[in-house]
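Asks: The structure is given below, and queries will be raised subsequently.
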Amino acid sequence: MCGIIGYNGNLQAPGLLIEGLERLEYRGYDSAGIAVKDTKTSSFHVIKTVGKVAELKNRLPELDGISSTCGIGHTRWATHGGVCEVNAHPHTFGRVVLLHNGIIENHRELVEKFGLKGKLKTQTDTEIAAAVFDAYYQGNPKEAIRKAVKEFIGTYAFCIMFVEEDEAEASTDEIYAIRSVSPLVATLCDDGAFISSDITALIKYTNKYFVVPENHIVTLGKNTMTIEDMRGHKFTPEYLTVNWDISAAQKGGYKHYMMKEIMEQPDVIAATIHGRISDGLPSLANDNVPDDIFKGLHSIQIVACGTAMHAGMVFKAMIEPILRVPVTVNIASEYRYQDPIVDEHTLVIAISQSGETIDTLEALRLSKRYGATTLAVVNVQGSSIARESDYVVYTYAGPEIAVASTKAYTVQIATLYLIGCRIALANKKMTQKAAKQFIRNLEQVSAHIKSILDNQEPIKKATKYLKKATDAFFIGRGNDYALSLEGSLKLKEISYIHAEAYAAGELKHGTIALITEGVPVIAVATQRTVFSKTISNIREVNARGAYVILIMEEQTVVDKDLCKIKLTIPETEDVFSVFPTSAILQLIAYYSADARGLDVDMPRNLAKSVTVE
Ligand code: AGP
């Protein structure tokens, strides 16, 4: 999950590349580096540092006096080789300067095949790739690329520059790029030719871009751009347009991207469902998703990871009681190595904010090979999962920069509810009257979330206790269990408090042994159908001294000694209570992490999009 940027044009490259890397930093931030080509001497200048892009920015004065309008930059999330300056990209070998996002799985064989033992400076697979490109470079960059990529097994997005041997050689003032699975987008605009891992880095210059087709060589010349397939045939790209501007990709006055994105939820949920309601009923006509694909289903299988998978759990709880067809929620990294029971009567729904999560993408590909109809729910237009699914319903959450997913999650659930309501209607499992009521309730959820966002003090108070905690438990039943899983993930990934989620009824089968005096338990009890059972479980942890933070509907009456802190949501049906409950859980995680002085937006070891296994 690294960040890549390349530029060739008339603007000074060093500052431009570093500014682009700052916008890509959420993709990985172990180390960073740039390589720029000196306009006068044609030599390369490479600076790279461990840590955030800010560290690299501090090294910019080393390039003072150098004019360069062509270069490449990279932010790293380490996969092969530790986090250190020498392992930071760009890497050079012989006459090749390159950077890479992905994993070259056959790197050991390549060391043998190309006699690289004792010649490598780093522990990275990327340097080995540079050596392979160099081995094939005889003065023709594209020829070298065509031959070299045939040697690689794995995933890659490369940006490559070649060092001229001498003046006699044709100017290699170009940047070359090629991808397989790992994402790359590009654009040619007034300010020059750009290439990047995602549009966020380019939005300052243009909102139009194209997705680099796999196994095609992109050449970024001085304000020129050519794309050709492996046989040299020219390819004309289809440009896409993002509907947000640079302010959407900035903090907008909030302390962290995460808070900005939490606060955006009411609006982006409304924006996502708005164009998909016609005469009070759900409509996917504008998404070109026909009702026919929802008829005669024998099963629905969700494939997703992390928060996206948790959204799938909420969708299952909504649709299964209505449709009475088995709905399974599958961890994509498990699903892709199983032998799933899939046929032409299976609908596979791939949920992904980034649309680039490799496990979800490969699970989707597997299900297609098995004959499933596939539908993607993704937030990034033109992303790999969107492009490889039979059908796609985009969420309009806008760019989600914070590594911890918040608005994407609730927008995914709202979108899945629209789809679920459409599936129910297509199978005559829901009357139009009931569907209109469902949609009216769905249109209320933005207001329910807003009621939480407008009253954050009780939540801040609750996190004062959590700030000092080393462990925390989340318990709930039904949807409250799905929400507990999400709340637990949110808390641990940004506050580093070891949190676990448990089905409330399951706790007594072992784990309750860990509940001792003062252990925080966030009890989610919003589901009316199982409320009394959850209350019994809360009494069980209470009896062992737990510090209970209870989330429930307002107006509900409980014993005053049942919990230390009560956080309430507006009264609403079980399926819709997940929205305000999510906002509470997101804010609990946010304030706990912030109180601990941690980097809320870029937590350690993580990256926004997991494009490696
Ligand atoms: C969520 O807070 C995490 N950052 C992570 O679990 C994320 O949801 C997961 O990696 C899936 O990402 P995707 O939605 O982009 O596929």
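Asks: Scan the stretch 344-360 and report the pairs whose first residue is of a type in the set (Ser, Thr, Tyr) and whose second residue is near the ligand (Cβ under 7 Å from one of its atoms) and part of a strand (DSSP E or B), with Cβ atoms within less than 6 Å and a gap of 6+ or a chain change.
Replies: THR360/ALA304; THR360/SER352
Asks: Please state which one of ALA583, ALA589, ALA593 is under 22 Å from THR470 (Cα atoms), out of contact with any Lys or Arg (no Cβ under 7 Å at 6 or more places or on another chain), of a type in the set (Gly, Ala, Ser) and part of a helix (DSSP H, G or I).
Replies: That would be ALA593, the only listed residue that is under 22 Å from THR470 (Cα atoms), out of contact with any Lys or Arg (no Cβ under 7 Å at 6 or more places or on another chain), of a type in the set (Gly, Ala, Ser) and part of a helix (DSSP H, G or I).
Asks: If you check ARG146, ARG179, which single one turns out to be under 21 Å from ILE4 (Cβ atoms), over 29 Å from the mean Cα position of the chain (by Cα) and not polar (S, T, N, Q)? Write out each step before concluding.
Replies: Working: ARG179 fails: over 29 Å from the mean Cα position of the chain (by Cα).
The conditions single out ARG146.
Asks: Could you grab me the full set of residues in the stretch 425-484 that are under 28 Å from TYR591 (Cα atoms), hydroxyl-bearing (Ser, Thr, Tyr) and out of contact with any Lys or Arg (no Cβ under 8 Å at 6 or more places or on another chain)?
Replies: SER446, SER451, THR463, THR470, TYR481, SER484
Asks: What's the total number of residues in the stretch 355-388 that are buried (at least 24 other Cβ atoms within 10 Å of the Cβ) and away from the ligand (no atom under 16 Å from the Cβ)?
Replies: 1
Asks: Here's a follow-up. Restricting the stretch 302-324 to residues that are hydrophobic (A, V, I, L, M, F, W, C), within 11 Å of the ligand (Cβ to nearest atom) and touching a residue at least 60 places away in the same chain (Cβ under 8 Å), which is surrounded by the fewest Cβ atoms within 10 Å (Cβ to Cβ)? Walk me through how you get there before you give the answer.
Replies: The initial filter retains those residues of the stretch 302-324 that are hydrophobic (A, V, I, L, M, F, W, C), namely 302-305, 308-309, 311, 313-315, 317-319, 322-323.
Right, trim to within 11 Å of the ligand (Cβ to nearest atom) and you get 303-305, 308-309, 311.
Next, only the ones that are touching a residue at least 60 places away in the same chain (Cβ under 8 Å) stay: 303, 305, 308, 311.
Values: VAL303: 35, CYS305: 21, ALA308: 25, ALA311: 31.
Step by step, filter the stretch 302-324, then rank; the result is CYS305.
Asks: Just to verify a result, which residue in the stretch 132-191, among those that are modelled with pLDDT of 90 or more and polar (S, T, N, Q), is nearest to THR69 (Cα to Cα)?
Replies: Result: THR187.
Asks: For residues that are farther than 17 Å from ILE535 by Cβ and crowded, with 21+ Cβ neighbours inside 10 Å, tally how many sit in the stretch 498-513.
Replies: Residues that pass the stated criteria total 2.
Asks: Quick check on SER352: is it crowded, with 21+ Cβ neighbours inside 10 Å, closer than 17 Å to THR272 by Cβ and either of a type outside the set (Lys, Arg) or modelled with pLDDT under 95 (or both)?
Replies: It is true that SER352 is crowded, with 21+ Cβ neighbours inside 10 Å, closer than 17 Å to THR272 by Cβ and either of a type outside the set (Lys, Arg) or modelled with pLDDT under 95 (or both).
Asks: Can you name the number of the only condition in (1) assigned to a strand (DSSP E or B); (2) within 22 Å of GLY221 (Cβ to Cβ); (3) modelled with pLDDT under 95; (4) among the aliphatic types (A, V, I, L, M) that ILE103 fails?
Replies: Status for ILE103: all satisfied but (2).
Asks: May I pose another question? Can you give me the ranges of the strands (runs of 3 or more DSSP E) entirely in the stretch 366-476 with at least 2 residues that are of a type in the set (S, T, N, Q) and in contact with a helix residue (DSSP H, G or I) (Cβ under 7 Å, 6 or more places away or on another chain)? Spell out how you get there, then give the answer.
Replies: Details: elements: 373-378, 391-394, 471-476.
Answer list for the stretch 366-476: 373-378.
Asks: Here's a follow-up. Looking at the stretch 92-105, which of its residues are buried (at least 16 other Cβ atoms within 10 Å of the Cβ) and over 17 Å from GLY73 (Cα atoms)?
Replies: ARG95, ILE103, ILE104
Asks: Under 7 Å between Cβ atoms, which residue pairs at least 6 apart in sequence (or on different chains) link something in the stretch 598-610 that is assigned to a loop (DSSP other than H, G, I, E, B) with a partner that is hydrophobic (A, V, I, L, M, F, W, C) and away from the ligand (no atom under 11 Å from the Cβ)?
Replies: VAL600/ALA593; ASP601/ILE401; ALA607/TRP77
Asks: Surrounded by 16 or more Cβ atoms within 10 Å (Cβ to Cβ), within 16 Å of the ligand (Cβ to nearest atom) and among the aliphatic types (A, V, I, L, M): which single residue out of ILE494, ILE419 fits that description?
Replies: Values: ILE419 fails: within 16 Å of the ligand (Cβ to nearest atom).
Going through ILE494, ILE419 in turn, just one is surrounded by 16 or more Cβ atoms within 10 Å (Cβ to Cβ), within 16 Å of the ligand (Cβ to nearest atom) and among the aliphatic types (A, V, I, L, M): ILE494.
Asks: Further question on the same structure: Could you count how many residues in the stretch 333-353 are in contact with a helix residue (DSSP H, G or I) (Cβ under 6 Å, 6 or more places away or on another chain) and acidic (Asp, Glu)?
Replies: Qualifying residue count for the region: 0.
Residue-wise test of (1) under 20 Å from the mean Cα position of the chain (by Cα); (2) under 29 Å from ASP190 (Cβ atoms); (3) in contact (Cβ under 8 Å) with a residue 24 or more places away in the chain.
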position	(1), (2), (3)
LEU202	yes, yes, yes
TYR209	yes, yes, yes
THR226	no, yes, no
MET230	no, no, yes
TYR239	no, yes, yes
GLN250	yes, yes, no
GLU261	yes, no, yes
ILE273	no, no, yes
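Asks: I'd like the full set of residues that are part of a strand (DSSP E or B) and touching a Phe, Trp or Tyr at 6+ places or on another chain (Cβ under 9 Å), limited to the stretch 227-280.
Replies: Answer for the stretch 227-280, where residues must be part of a strand (DSSP E or B) and touching a Phe, Trp or Tyr at 6+ places or on another chain (Cβ under 9 Å): ILE227, GLU228, LEU240, THR241.
The values are calculated or read from the model by the stated rules, or taken from the named source; none is laboratory data. This structure is a prediction, so every number in the text was calculated from the model and none was measured. Every residue, glycine as well, gets a Cβ built from its backbone with ideal geometry; the counts of neighbours run over all protein chains shown.
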